[in-house]
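Each remark here refers to the structure printed beneath this line.
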Amino acid sequence: MPIGSTVLWWGALLMLLGFTAVNVGRKITWYLAVDQFGYLTFAHDLLHGRVFHHWPPLDALVGRLPPRVDILAQTYIADGDRAYCRYSPGFPILLAAWLRLFGDDGAHYLNPTIFAVLLLLLLAFARRIFHSRWRALAAVALVTLFPTYIHLWAITPTRDLSAHVAGFLGLYLLLPGGRHRTAAGAALGYAVTIRPDALLYLVPAGLVLAREWLRAGTPVRSAVVTTVRTVALGMLLGLAPLLAFNQMTSGNPFRPTQAVEIERFFQKPGAAVAPPAGDPRVGYPPPGWHGGTVEAVQGGGLRLSNLPRTLPGNLALLRSAYGDLMLAVAIWGAVVAFFQRRVLCVLAVSYVLAGLFFFSCWSRPDGRYLSGVFCMLPMLIVEGTLGTLDVVRRLARRRLVTGARGLAFGGACALLLGATLIDAPRTAALPTLAWLVPGVTAAALFAAAVAPDRRVGAVAAPLFAVALTVLAVTRARAGLNVRGGFQRPEMLRARATFERAVEPRAVVITTEDVGRPAENIEYYSGLAWAVYFTDLARWGIGVSDAAERFARARMKPYLLIPPTQPGGSRMLEELGQAFLVERVADIPPSQAMDYFVAAPFHRGVRMELYRLTLRE
């Protein structure tokens, strides 16, 4: 029934994408952390036709800062009389174009759109791999169902998803049958322009081209060489914005601004400095919440010595996202793919292994960096389930009926036994998936054991995809009543509150312990700048010295701190020697968000806002 199958497939796909998009859209957060603030600031610089940024508080500190130092919560580097973003220009270019079309309020809808594009691209990618739209739909549904939390990077303006869209687009165009090799190279090059570590996509891309070379006969190998040249030319086009930006900022087109992270790759890090014992805690921030203060320009996060500690953490993230049984199915899927879908094996296994190694050299495990891995593993899981049915039928057609029946029956029993004995983490949809995936697959394998020469997969694939889609839509509908806590209404209320609380040209000195107020004050308030205590510590400037310099530059220094700020009383006493310290707002926890104070680790914290007026 081709017409009925087509209608059902399109209906399932539209339901999946529609409910996923609405669910993600309701959870968009307008609250900015470090990266988001940096990308938006860079995008606005590009909109105004400039690469270098002018930050007025920096003018007040001329001659007092190190010659090269992190500023703006470590998103920009001040190098002499220039300040430039430490992030690559790829995503800010996309963001600037989006802002030009939809304005500032539309910025937060870029990444949900990119997430939808990524799901559609994965659908096309998997469809070309499997030659089955149902298996492709199953793979995409699994991407949305496993608790990898990849959707978190769709509700906030970060560059991760756009890099993976460009990387997967490049791989898709390189798949056998693809003819747009220059476009493939341009997509891969632009992925690196967005995130330099997207170089990892060159590993599977290179292996695909190498496989094409090995399979080509001697007379046509020259055509493969031409293909490589074409891809290289496209890559150069995609890398052009990054190379130009590097030349402008570092004087070397091949030295990205984030090279500071990898320049000590083979060195061991120094001992971590523990916080003083007995100091009161503010807001209970997680480890790594503070900016660095050891060096003027922070870096060295990527080190080989991190591997023994971070790799187990990343493996633990995979186990918590998929469960041991699903990871075993993915590994079996890689084995099956090696024999019947070599391209999938080459692409997925090479990227997963390269990604795990590279991202385990960071200082701590982070699921955000594994987003590409999270897009690859569902395809291996589909191959490990429905692909096994293909192996059974292939064995039967080669008259190895006994082996086919044994594989089908043994695989079904192994899946059911694993689902019974292996406990899945009680996270999101994982407990349901731990039974649904083995159950549907085992039923299909039992049917294949009875009739191994029949196309059981042709029936199992639609059932599998529809079941997963129903589960995904059900869970998305259940989450529709949850919305982001800081969106446009909260931003407008905080902006209005801040306009009443501080004077124009205010510089607010605050702390990272309560959230990320500085980035949001800078971007949203429209009349104030902000710095953290960690910024001042990195610059080697005391609070009183900085406040005095701001005041003499005709700026209005303020202090936004909680009453429990460590050393707060002593700091206020010292400020009182040169300033008239006036508390202008005592902010209860319920109103902290109105002053851009928010964080996932507290539901509000009491704050105090002080105005510092220089004594003449």
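The values are calculated or read from the model by the stated rules, or taken from the named source; none is laboratory data. Keep in mind that what you see is a predicted model, and the values were worked out from it rather than measured. Cβ coordinates were reconstructed from backbone atoms using ideal geometry, including for glycine residues, and neighbour counts include every protein chain displayed.
Does residue 192 satisfy being out of contact with any strand residue (DSSP E or B) (no Cβ under 9 Å at 6 or more places or on another chain) and farther than 30 Å from residue 485 by Cα?
Yes: the conditions hold for residue 192.
If residue 412 passes every condition in (1) modelled with pLDDT under 95; (2) touching a Ser or Thr at 6+ places or on another chain (Cβ under 9 Å) but one, which one does it miss?
For residue 412, the exception is condition (1).
Say we look at region 389-400 and pick out the residues that are surrounded by fewer than 24 Cβ atoms within 10 Å (Cβ to Cβ) and in contact (Cβ under 8 Å) with a residue 12 or more places away in the chain; which of these is nearest to residue 135 (Cα to Cα)?
Residue satisfying both the conditions and the ranking: 390.
Which residues, counting only those in region 339-364, are β-branched (Val, Ile, Thr) and either over 20 Å from the mean Cα position of the chain (by Cα) or not assigned by TED's automatic domain parsing to the domain that holds residue 310 (or both)?
343, 346, 349
Within region 427-466, count every residue that is small (Gly, Ala, Ser) and without any contact (Cβ under 8 Å) to a residue 40 or more places away in the chain.
The total comes to 6.
Would you mention how many residues in region 536-567 are surrounded by fewer than 18 Cβ atoms within 10 Å (Cβ to Cβ) and either assigned to a strand (DSSP E or B) or among the small types (Gly, Ala, Ser) (or both)?
6
Residue under question is residue 137, and the condition is that it be in contact (Cβ under 8 Å) with a residue 60 or more places away in the chain, assigned to a helix (DSSP H, G or I) and either of a type in the set (Lys, Arg) or within 22 Å of residue 193 (Cβ to Cβ) (or both); does it hold?
Considered against the rule, which asks whether it is in contact (Cβ under 8 Å) with a residue 60 or more places away in the chain, assigned to a helix (DSSP H, G or I) and either of a type in the set (Lys, Arg) or within 22 Å of residue 193 (Cβ to Cβ) (or both), residue 137 comes out as no.
Residues of region 523-546 being in contact with a helix residue (DSSP H, G or I) (Cβ under 7 Å, 6 or more places away or on another chain) and touching a residue at least 40 places away in the same chain (Cβ under 8 Å), which ones?
523, 524, 525, 529, 531, 532, 534, 546
Anything in region 335-366 that is buried (at least 18 other Cβ atoms within 10 Å of the Cβ) and touching a Cys at 6+ places or on another chain (Cβ under 8 Å)? List them, or say none.
337
Show the residue pairs meeting these rules: Cβ distance below 6 Å; 6+ apart or different chains; first residue within region 3-14 and in the same structural domain as residue 470 (by TED's automatic domain parsing) and assigned to a helix (DSSP H, G or I); second residue polar (S, T, N, Q) and surrounded by 12 or more Cβ atoms within 10 Å (Cβ to Cβ).
12/469
Looking only at residues that are β-branched (Val, Ile, Thr) and surrounded by 12 or more Cβ atoms within 10 Å (Cβ to Cβ) in region 40-79, which one is nearest to residue 511 (Cα to Cα)?
The residue in question is 71.
Listed here are the residues, each with its yes/no results for (1) hydroxyl-bearing (Ser, Thr, Tyr); (2) closer than 25 Å to residue 175 by Cα; (3) at pLDDT 95 or above; (4) part of a helix (DSSP H, G or I).
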| residue | (1), (2), (3), (4) |
| --- | --- |
| 339 | no, yes, no, yes |
| 344 | no, yes, yes, yes |
| 347 | no, yes, yes, yes |
| 351 | yes, yes, yes, yes |
| 354 | no, yes, yes, yes |
| 381 | no, yes, yes, yes |
| 399 | no, no, no, no |
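Inspect all residues belonging to region 502-516 and state whether any of them is buried (at least 18 other Cβ atoms within 10 Å of the Cβ), in contact (Cβ under 8 Å) with a residue 60 or more places away in the chain and at positive phi.
Yes; the residues of region 502-516 include at least one that is buried (at least 18 other Cβ atoms within 10 Å of the Cβ), in contact (Cβ under 8 Å) with a residue 60 or more places away in the chain and at positive phi.
Anything in region 538-587 that is over 18 Å from residue 613 (Cα atoms) and touching a Ser or Thr at 6+ places or on another chain (Cβ under 7 Å)? List them, or say none.
538, 565
Which condition number does residue 454 fail, the rest of (1) assigned by TED's automatic domain parsing to the domain that holds residue 413; (2) modelled with pLDDT of 95 or more being met?
(2)
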